[in-house]
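Just so it is clear, none of the values below were taken in a lab; they were calculated from the coordinates. Since this is a predicted model, take the numbers as computed values, not measurements. As a convention, Cβ positions derive from the backbone with ideal geometry for all residues, glycine included, and neighbour counts pool all protein chains shown.
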Amino acid sequence: MSDSKKTRILILGGGFAGLHAAIHLDDTLARDPDIEITLINRENFFLFTPMLHEVAASDLDLTNIVNPVRKLLKRVNFFAGDVESIDLKCKDVVVSHGFDHHHHNLHYDHLVIGLGSITNFYNLPGLAERALTMKSLGDAIHLRNRLIALLEEADTECCADVRGPLLTLVVAGGGFAGVETIAGINDFMREAMRFYSNLREDMLRVVLVHPGDVILPELGKKLGLYTQKKLAERGVEIQVNVRVSAVTERGVELSTGEMIETRALIWTAGTSPNPVLDTLPCVKERGRLRVNEMLQVPDWPGVWALGDCALVPNGNSGKYHPTTAQHALRESKVLAKNLIAALRNGTMKPFSFRTIGQLAAIGRRTGVANIFGINFSGFLAWWLWRTIYLSKLPRFEKKLRVALDWTLDLLFTKDLVQFQTFRAPTVSHQENGMEQDTLLSPMKVAQVS
């Protein structure tokens, strides 16, 4: 069949929802020569976000929690680019890519929207300019580099008078991302201290700021209080019922009026759906697309949505399903089957799923978990966290690499190497003598020094 007569399916987003929808279709619908399926994502890899904090804390190598999309898909096409806009009336998606960021107009017959969410700074003064985030692989690498840079600077004798702010870390948000991040970086910083002759562990201040009564509210008060106790025992200062009000060059201003002098604020306290959805003429709530139980967008035939950007109704409770990875994985499978049914005049099935459990790693081989309503804590919960998430990591190669990293972590200390991306210093001079026309830019001089 000619390309113009093929049924075109576009999948937007390569996170848990979008990628796994593509994987399910890759083994089924993509075998049909009359159907063309394309997955569009900014990065050419799938990031396993539950392990992101372990990259920041130097527990895992940065490439071990990412999988190349092209190795996961055999028949589904992949396009590395940004989604600029969606025209539901004309059934077109505008994407951009390349070094010059040029645009393409892609037509579709069916559209799967799984664009996920992005960090929201809520217009707080100074936050967008100065805060670190934990949403991408680049964020984790940047945080790790910042932590090591702070240690290197604080260790110098000329910075003896400003070591307080350099060795003060603030994490905003006591949900899963915030707690796992602060637990990981607290262990990392305290272990690293012994390699710096001018630093002591008692110089470090690590603060967790949370707007609620107890951290990890998703796991219940009992496990939240257990986590607070364990983190406090390890030197983490926890401030509940407190919010970040502003960030300045001096530090972080809290809703209590306290100013914490710091050079590192990690923001994990808020996300919002992808802003591309704002222009869509669909029913939305807090920026997320409302879908029916079949994961279809009402009033727009051929348009589907899932994952963080979708409000999926729960037929049992009358509310909406939470935006967790385990829900996204199940939604992707149901959507793939319903899309096949829609194309082949089959019977679609509603999405129905109950949360199996939720887990968090809180450092030093300790965790908390609630599985089937049963609470676990300590080493067992940590072991469950590692076992379950390792089983969910795509591809045997990556599972093996992560397991090897974890094993080596038992034997050796954490790595303190910064991953820098700037070029090495260079010079430009005439062949007959360096003294003639020698060029060395200020930036290169700084890198040499």
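The HN-Hα couplings worked out from phi for the range 14-27 by the Karplus form 6.51 cos²θ - 1.76 cosθ + 1.60 (θ = phi - 60°) are x, x, 4, 6, x, 5, 6, 5, 5, 5, 5, 6, 4, 8 Hz, whole numbers, x standing for Gly and Pro.
Between Val162 and Phe195, the contour length at 0.36 nm per residue exceeds the Cα-Cα span by 9.9 nm.
Counting charges near Arg286 (Lys, Arg +1; Asp, Glu -1) among other residues having Cβ under 15 Å from its Cβ returns a value of +1.
Between helix 176-192 and the chain there is an angle of about 30 degrees, using the helix long axis and the longest principal axis of the Cα atoms. The angle between the Cα long axis of helix 137-154 and the longest principal axis of the Cα atoms of the chain comes to about 0 degrees, rounded to the nearest 10. Distances between placed amide hydrogens fall under 5 Å for Phe46 paired with Asn67, Val69, all partners being 5 or more residues away or on another chain.
Relative contact order of the range 271-392: 14 percent, from C-alpha pairs under 8 Å at least 6 residues apart in sequence.
Sequence-ordered 3J(HN,Hα) estimates for the range 384-391 from the Karplus curve with 6.51, -1.76 and 1.60 and θ = phi - 60° stand at 4, 4, 5, 5, 5, 6, 5, 5 Hz, glycine and proline given as x. Considering only alpha-carbon pairs that sit under 8 angstrom and 6 or more positions apart, the relative contact order computed for the range 127-269 is 32 percent.
Legend: ranking of residues Glu431, Glu84 from fewest to most surrounding C-beta atoms inside 10 Å; resulting order Glu431, Glu84. Between Ala246 and Arg31, the FRET efficiency estimated from the beta carbon spacing at R0 = 51 angstrom works out to 0.40. Taking a ≥ b ≥ c as the square roots of the Cα gyration tensor eigenvalues, the range 318-436 comes out oblate, since a/c reaches at least 1.5 and a/b does not exceed b/c. Working from the Cα coordinates of the range 127-269, the gyration tensor eigenvalues give, after taking √(5λ), semi-axes of 24, 17, 15 Å in decreasing order. Full extension of the segment from His102 to Lys74, taken as 0.36 nm per residue of separation minus the current Cα-Cα distance, would add 7.4 nm.
Close amide H partners of Thr133, meaning residues 5 or more places away or on another chain with modelled amide H under 5 Å apart, are Trp267. The simple spin-label model puts a point 7 Å past each Cα toward its Cβ; for Asp109 and Lys229 those points are separated by 6.0 nm. Cα centroid separation, the range 161-199 to the range 304-331: 35 Å. Our summary of shape: the Cα atoms of the range 70-181 have principal axis extents of 63, 31, 29 Å, ordered from largest down, in whole angstrom. Counting Lys and Arg as +1 and Asp and Glu as -1, what is the net charge of the other residues whose Cβ lies under 13 Å from the Cβ of Gly138? Charge balance near Gly138 sits at +2.
Between the amide H of Ala264 and those of Val170, distances stay under 5 Å, these residues lying 5 or more places away or on another chain, with hydrogens modeled in the peptide plane. For the chain, the equivalent ellipsoid derived from the Cα gyration tensor has semi-axes of 40, 30, 21 Å, listed largest first. Using θ = phi - 60° in the Karplus curve 6.51 cos²θ - 1.76 cosθ + 1.60, the 3J(HN,Hα) couplings for the range 321-326 round to 5, x, 8, 10, 5, 5 Hz; x is entered for Gly and Pro.
Going 7 Å from the Cα of Glu84 along its beta-carbon direction, which residues of the range 91-116 have the amide nitrogen within less than 15 Å of the resulting point? Zone members listed by number: 92-107. Can you tell me which of Gly114, Gly367, Gly220 moves the most in a GNM of the chain? Springs connect C-alpha atoms under 10 Å apart. Result for the chain, Cα springs under 10 Å: Gly220 fluctuates most. Centroid-to-centroid, using Cα positions, the range 22-99 and the range 381-403 are 21 Å apart.
Packing, as the average of other Cβ atoms within 10 Å across residues, places the peptides 414-420, 23-29, 51-57 in the order 51-57, 23-29, 414-420, highest first.
What FRET efficiency, computed as 1/(1 + (r/R0)^6) with R0 = 25 Å and r the Cβ-Cβ distance, is obtained for Val283 and Asn316, rounded to the nearest 0.05? So the FRET efficiency works out to roughly 0.70. Roughly how many nanometres apart are two label points built 7 Å out from the Cα toward the Cβ at Asn345 and Asp409? My value for the distance between the label points is 5.4 nm.
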